[in-house]
Amino acid sequence: MGNLKLYIDVVKEVRKERGEFCECCGVSAKYIHHIIRVSESSIHSPLVYEKGNLIILCDDCHALMHPLLRNVSQWKIASKDRGQALNRQL
């Protein structure tokens, strides 16, 4: 990544502001995902460091964002009951 320190600082800010839960389904999460992919915007794009272009995701929701990297059966498992944890928290 162009400026790793800047990216790490932005990720820390996003986690501090939004917490440690998946913004899609509400379960505990560890991934920060670029909404507009780095491969589409380029590694040197300001979008790489834009908090509005980042979303916190759990393992399963992150897998749904990259279905071509997983096999079909894993994708079906990950997509089952997505959002149920968030609904229970509300």
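For segment 21-49, which positions are in a loop (DSSP other than H, G, I, E, B), in contact (Cβ under 8 Å) with a residue 24 or more places away in the chain, surrounded by 12 or more Cβ atoms within 10 Å (Cβ to Cβ) and not aliphatic (A, V, I, L, M)?
Correct list: CYS22, GLU23, CYS24, CYS25, GLY26, LYS30.
Could you check segment 50-67 and list, in sequence order, the residues that are farther than 17 Å from ASN3 by Cα and surrounded by 15 or more Cβ atoms within 10 Å (Cβ to Cβ)?
Hits for segment 50-67 are ILE55, ILE56, LEU57, CYS58, ASP60, CYS61, HIS62, ALA63, LEU64, MET65.
Given the condition touching a Ser or Thr at 6+ places or on another chain (Cβ under 7 Å) and at pLDDT 80 or above, answer yes or no: does some residue in segment 62-80 qualify?
The answer is yes, given that some residue of segment 62-80 is touching a Ser or Thr at 6+ places or on another chain (Cβ under 7 Å) and at pLDDT 80 or above.
The values are calculated or read from the model by the stated rules, or taken from the named source; none is laboratory data. These numbers come from a predicted model, not from an experiment. Cβ coordinates were reconstructed from backbone atoms using ideal geometry, including for glycine residues, and neighbour counts include every protein chain displayed.
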